[in-house]
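One structure is given here, and the rest of the page talks about it.
The values are calculated or read from the model by the stated rules, or taken from the named source; none is laboratory data. These numbers were taken from a predicted model, which means no experiment stands behind them. Glycine gets a Cβ as well: all are built from the backbone with ideal geometry, and neighbour counts include every protein chain shown. Keep in mind that these areas ignore ligands, DNA and RNA; they rest on the heavy atoms of the full protein, side chains included. Shrake-Rupley method; radii C 1.70, N 1.55, O 1.52, S 1.80 Å.
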Amino acid sequence: MAVTRADAISQTRKKIETYSDFTNNFVKHPITNELVVLKNEDSIRQAFKNLILTNIDERLFNPLFGSNVNRSLFEPFGPFLVEDITRYINVAASQFESRIQVLNITITDQTDKNGIAINVVFSIINNPEPISLNLFVKRVR
């Protein structure tokens, strides 16, 4: 079957959705002197990390944004704490981050370092490839 000119014009191409964001510390590029921009997976990874590390009631005009992961650090580590943190992350992701789907959450105790290590594996809705986010959340007090 021959491809006609009309077929070449009317073909619809799949539009790849791109996400971009500035870095949290607003670093300038050394050569161009412009702000460094994170794109696609890196941008979503940073947004999800900010969501996890933000406490509920911390944002002034959006008090429901965030999770209570930081507030639960002073609880004794055990299966109940792991279940609570997993639930906090899943609820925050489902309510505020519609671009991702959480696949797996692993929480390990780091008592010698005074914190917990969180590994979240998720996939972007447009891309089935799994992305890993590693966090170390430390008690400050």
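Lysine pair count for the chain with Cα-Cα distance under 24 Å and sequence separation of 8 or more or different chains is 8.
Think of a 1.4 Å ball rolled over the protein heavy atoms: the chain then has 72 Å² of accessible area per residue.
Three semi-axes describe the equivalent ellipsoid of the chain; taken as square roots of 5 times the Cα gyration tensor eigenvalues and ordered largest first, they are 37, 20, 14 Å. Across region 70-78, coupling constants 3J(HN,Hα) worked out from phi with the 6.51/-1.76/1.60 Karplus curve, θ = phi - 60°, read 5, 6, 8, 5, 8, 7, x, 6, x Hz, and Gly and Pro carry x. Pairwise Cα distances in region 102-141 exceed 11 Å for 64 percent of all pairs.
Only helices enter this figure: runs of n ≥ 4 DSSP H residues, each worth -39500 (n - 2.57), summed and divided by the residues of the chain, yield -8000 deg cm²/dmol at 222 nm to the nearest 500. Against the chain, whose longest principal axis is taken from its Cα atoms, helix 41-53 shows a tilt of about 30°. With respect to the chain, whose longest principal axis is taken over its alpha-carbon atoms, helix 79-96 is tilted by about 40°.
Once you order the gyration tensor axes a ≥ b ≥ c over the Cα atoms, which shape class does region 63-102 get: rounded for a/c under 1.5, otherwise prolate or oblate by comparing a/b with b/c? Cα axes put region 63-102 in the oblate bin. Considering only 60, 35, 126, and ranking their Cα positions along the charge dipole of the chain that arises from unit charges at the beta-carbon of Lys, Arg, Asp and Glu, the one farthest toward the positive end is 35. To put it simply, the accessible area of the chain at a 1.4 Å probe is 53 percent carbon and sulfur.
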